[in-house]
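Here's the structure we're looking at; comments come further down.
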Amino acid sequence: MDYFLSEEQVMIRDLARQIAEEKIVPVRAELDETGEFPWDIMKVLAQSDLFGLFIPEEYGGLGKGCLELSIAVEELSRACLGVSTTFAANALGTYPLLLFGTDEQKKKYLPDIAAGKRLVAFGLTEANAGSDAGGTQTTARLEGNEYIINGTKQWITNGGEAEVYTIIAITDRSKGPRGASAFVVEKGTPGFTFGKKENKMGIRASATTELIFDNCRIPRDNIIGKEGMGFVVAMKTLDSSRTGVGAQGVGVAQGAFEEAVKFAKQRVQFGHPVITFQAVQHMLADMATSIEASRALVYAVARFIDSGAKDVSKESAMSKLFATDVAMKVTTDAVQVMGGSGYMKEYPVEKMMRDAKILQIYEGTNQIQRNVIGQALIKEFTKKK
Amino acid sequence: MKIIVCIKQVPDTAEVRINPETNTLIRDGVPSIINPYDMHAIEAGLHIKEKAGGNVTVITMGPPQAETALREAISMGVDSAVLLTDRAFAGSDTWATAYTLAKAIEYLGADIILCGKQAIDGDTAQVGPEIAEFLDIPHISYIRKIDEIKDNKIVVQRLMDDGYDVIESSFPVLLTVVKELNVPRLPSIKGKMAAKKAVIQKMNAADIKADENCLGLKGSPTQVRNIFAPEVKKDRIMLEGTTEEKVTALVNELMRLKCL
Ligand SMILES: Cc1cc2nc3c(=O)[nH]c(=O)nc-3n(C[C@H](O)[C@H](O)[C@H](O)COP(=O)(O)OP(=O)(O)OC[C@H]3O[C@@H](n4cnc5c(N)ncnc54)[C@H](O)[C@@H]3O)c2cc1C
Ligand SMILES: Cc1cc2nc3c(=O)[nH]c(=O)nc-3n(C[C@H](O)[C@H](O)[C@H](O)COP(=O)(O)OP(=O)(O)OC[C@H]3O[C@@H](n4cnc5c(N)ncnc54)[C@H](O)[C@@H]3O)c2cc1C
């Protein structure tokens with residue numbers, strides 16, 4: 001369908017697609033097998049300016065928004081979610097600086113991030129703080145002109161590979177949710193190390209590790225926003241980035257769908273290509289329809305965010321929820337359409353199905369997205385009375 | 001460092017059809033691309049610029065449509081583009097093509113000139129070395145690696161059938177490149193935006209002060225009689241041993257071939 005993209009947006013889509021087809025598709029199975037971090041592809045993305053998409057021009061970026069980022073993420077995801085997760089998590093980690101950073105912080109970090117010279121990660125989750133960020137135990141204590149950080153973050157995408165980490169830590173436990181703050185920590189800071197690299201079901205090219213802080217001292221100026229704003233920073237960050245996870249869903253679903261159609265046209269049983277059977281056609285019809293619906297929603301929410309709307313929690317949660325549930329369903333059905341072949345590693349859909357599952361879990365599980373939408377509804381309907 | 005890359009727009013297929021009556025290439029209906037070897041030449045130009053500074057200009061001789069090839073090169077990051085276009089250029093053989101390109105390069109000035117090894121349609125691999133001869137400068141063909149680049153010299157590896165040569169040259173120099181040299185980069189978004197806006201400098205025969213008698217069909221000495229792929233002879237023998245043994249073996253071989 002025509003989404004009336006601008007000439008520049010089409011240019012971005014075409015370039016991301018070219019990179020996906022020429023540089024990612026040929027190596028995705030191997031990356032999945034080895035779990036090797038896709039540095040070569042990151043270099044290509046950097047050279048193509050894609051890391052700078054959503055960063056303002058004054059900091060060396062292209063000054064585009066959520067829609068352009070979503071378009072690029074969608075195209076990369078069509079080829080490989082492991083690679084696109086690496087790229088999207090970089091944006092996730094950058095948003096705290098972009099949304100709440102001081103001019104100095106932006107000048108210090110954003111140009112390198114835009115150029116793809118330094119990769120970023122976002123560290124919120126801990127062993128006892130998953131869906132419930134309130135369980136955060138990592139602390140940051142002010143001593144003179146330094147914060148001393150102690151604690152362990154887990155399952156952090158781009159951990160170990162990124163140079164810059166934006167993290168949430170408790171600065172004043174007595175203040176409850178208002179006692180958390182956001183910080184930027186650079187790789188190599190004494191007292192900051194990485195734990196084991198996780199062995200995952202899918203998105204295996206993406207690195208997921210622990211961040212271990214043991215009396216890690218950082219300059220006082222590394223706080224992002226003010227003390228006590230940690231959870232605000234985290235929530236606003238997720239509001240901005242969730243649509244990107246939705247875009248990942250659109251992309252992986254599209255990729256799996258295309259494989260399924262191609263296969264169904266070629267595979268002959270009972271003397272006919274299986275696509276001629278109505279049961280198969282209906283599955284493909286549902287897949288195509290739900291992909292188009294999630295793309296329409298993701299693009300609409302991205303445009304809404306880019307319009308400067310203030311409260312986008314509900315809409316961004318909707319785009320993530322819908323598009324990633326669709327992705328799980330479509331990738332599963334793609335395997336079904338392809339039968340036993342779909343289950344084999346010779347074809348990419350088994351990987352897509354394994355990869356898709358993460359989209360319903362990270363950046364807030366889809367249960368949590370429903371909670372966010374539900375709470376927004378209660379607020380809306382209370383106001384209306 | 002002033003770098004000029006010569007690129008040719010070619011039909012997007014290795015299977016070029018040939019009109020049997022005129023013995024010329026049939027180009028209608030085939031989408032055009034930058035000659036694949038020239039993509040490696042562009043990458044080499046950008047690489048040299050990144051290493052040694054300077055600027056990269058792409059140049060092509062062709063019809064007005066060849067502008068697309070130049071814009072594509074700009075999207076990869078080259079600084080400027082020149083289109084040599086003039087009715088008088090039509091029908092050029094390799095001699096006239098090289099003459100015309102050489103006149104333009106003489107006019108523009110360059111320290112390093114890069115060409116592809118050959119064009120995938122014409123396939124002669126003559127244009128690069130011929131340009132160097134017209135300019136009376138050294139050339140090194142089949143570059144597979146750039147070892148060193150300094151203010152006053154370049155050291156490169158030339159691919160040979162049985163290994164490679166290491167060659168050093170002063171500037172200006174013309175290099176023709178093979179695929180082993182590098183992986184051409186994809187365009188960038190900033191490059192694509194620049195390509196859209198870029199002004200392509202157009203030059204005709206008068207601009208480059210070319211001798212009309214050397215241009216186009218009129219200036220082309222080649223008469224195409226027949227086109228065929230030359231047979232590759234793989235029956236070479238390397239003689240081993242002491243000098244005496246080798247001479248004996250050589251004499252025996254020449255006698256066997258009835259040359260002696
Ligand atoms: C591969 C991977 C990469 C990740 N990358 C990052 C990263 O870069 N940065 C980062 O900070 N985190 C990251 N995470 C963490 C991720 O965001 C969390 O896993 C996620 O938020 C869920 O937390 P949890 O796994 O602890 O699940 P839990 O919170 O333990 O949830 C378990 C189950 O209970 C449900 N549940 C919990 N609370 C409620 C509730 N109130 N209502 C209804 N259902 C509920 C959940 O939906 C889920 O089904 C990553 C995780 C993975 C697996
Ligand atoms: C058998 C035959 C049939 C031909 N038929 C036609 C025809 O039908 N129509 C027609 O227009 N011409 C025709 N030509 C001319 C020919 O295609 C070229 O114009 C020219 O002579 C280049 O030769 P080549 O393709 O072998 O290039 P090569 O010598 O193989 O090219 C080497 C390198 O020189 C550079 N180069 C070559 N050409 C150009 C250029 N134009 N601009 C910039 N750089 C360049 C590139 O870097 C290229 O990689 C024919 C030539 C031959 C031999």
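Which condition does A:R78 not pass, out of (1) surrounded by fewer than 24 Cβ atoms within 10 Å (Cβ to Cβ); (2) among the basic types (K, R); (3) closer than 26 Å to A:M352 by Cα, if it passes all the others?
Condition (1) is where A:R78 drops out.
What residue, of A:A182, A:A129, is surrounded by 15 or more Cβ atoms within 10 Å (Cβ to Cβ), among the small types (G, A, S), touching a Pro at 6+ places or on another chain (Cβ under 7 Å) and farther than 27 Å from A:A29 by Cα? Even if it seems obvious, please write down each step before you answer.
Values: A:A129 fails: touching a Pro at 6+ places or on another chain (Cβ under 7 Å).
Matching residue, one of A:A182, A:A129: A:A182.
Looking at A:E75, A:E68, which one is more than 30 Å from A:Y347 (Cβ to Cβ), out of contact with any Pro (no Cβ under 6 Å at 6 or more places or on another chain) and within 14 Å of chain B (Cβ to nearest Cβ)?
Numbers: A:E75 fails: more than 30 Å from A:Y347 (Cβ to Cβ).
Just one listed residue meets the conditions, A:E68.
What number of residues within region B:140-194 are in a helix (DSSP H, G or I), within 14 Å of chain A (Cβ to nearest Cβ) and surrounded by fewer than 15 Cβ atoms within 10 Å (Cβ to Cβ)? Can you show your working first?
Here is the first cut: in region B:140-194, the residues in a helix (DSSP H, G or I) are B:179-181, B:189-194.
Keeping just the survivors that are within 14 Å of chain A (Cβ to nearest Cβ) gives B:189-194.
From the residues that got through so far, the ones that are surrounded by fewer than 15 Cβ atoms within 10 Å (Cβ to Cβ) too are B:190.
Matching residues across region B:140-194 total 1.
Sort out which residues of region A:165-217 are over 30 Å from A:M352 (Cβ atoms) and part of a loop (DSSP other than H, G, I, E, B), and write them in order of number.
The initial filter retains those residues of region A:165-217 that are over 30 Å from A:M352 (Cβ atoms), namely A:167-193, A:212-217.
Answer for region A:165-217, where residues must be over 30 Å from A:M352 (Cβ atoms) and part of a loop (DSSP other than H, G, I, E, B): A:T171, A:D172, A:K187, A:G188, A:T189, A:P190, A:G191.
Suppose we keep only residues that are surrounded by 22 or more Cβ atoms within 10 Å (Cβ to Cβ) and assigned to a loop (DSSP other than H, G, I, E, B) within region A:103-124. Which one would you say is nearest to ligand 1 (Cβ to nearest atom)?
The extreme case among them is A:L124.
A:G342 is checked against (1) open to solvent by 30 Å² or more (accessible area, probe 1.4 Å); (2) more than 24 Å from A:S131 (Cα to Cα) and fails just one. What number does that condition carry?
Checking A:G342 against (1) open to solvent by 30 Å² or more (accessible area, probe 1.4 Å); (2) more than 24 Å from A:S131 (Cα to Cα), the one that fails is (1).
Could you tell me how many of the residues in region A:206-239 are at positive phi and aliphatic (A, V, I, L, M)? First the steps, then the outcome.
Kept after step one, since they are at positive phi, are these residues of region A:206-239: A:215, A:225, A:228.
Add one more test, that the residue is aliphatic (A, V, I, L, M), and what stays is none.
Result for region A:206-239: 0.
Sort out which residues of region B:62-88 are part of a helix (DSSP H, G or I) and farther than 30 Å from B:N213 by Cα, and write them in order of number.
If we filter region B:62-88 for residues that are part of a helix (DSSP H, G or I), which is where we start, we get B:64-76, B:87-88.
Result: B:R71, B:E72, B:A73, B:I74, B:S75, B:M76.
Taking B:L175 as the residue in question, decide whether it is closer than 23 Å to B:Y107 by Cα, in contact (Cβ under 8 Å) with a residue 60 or more places away in the chain and under 18 Å from the mean Cα position of the chain (by Cα).
Criteria met by B:L175.
Please specify each residue of region B:98-139 satisfying the condition of being in a loop (DSSP other than H, G, I, E, B), touching a residue at least 40 places away in the same chain (Cβ under 8 Å) and farther than 23 Å from B:V224 by Cα.
B:G109, B:A110, B:D111
The values are calculated or read from the model by the stated rules, or taken from the named source; none is laboratory data. The structure displayed is predicted, hence computed values, not measured ones. Here the Cβ is made from the backbone with ideal geometry for all residues, glycine too, and neighbour counts use every protein chain on show. Calculation scope for accessible area: heavy atoms of the full protein, side chains included, ligands and nucleic acids excluded. Shrake-Rupley method; radii C 1.70, N 1.55, O 1.52, S 1.80 Å.
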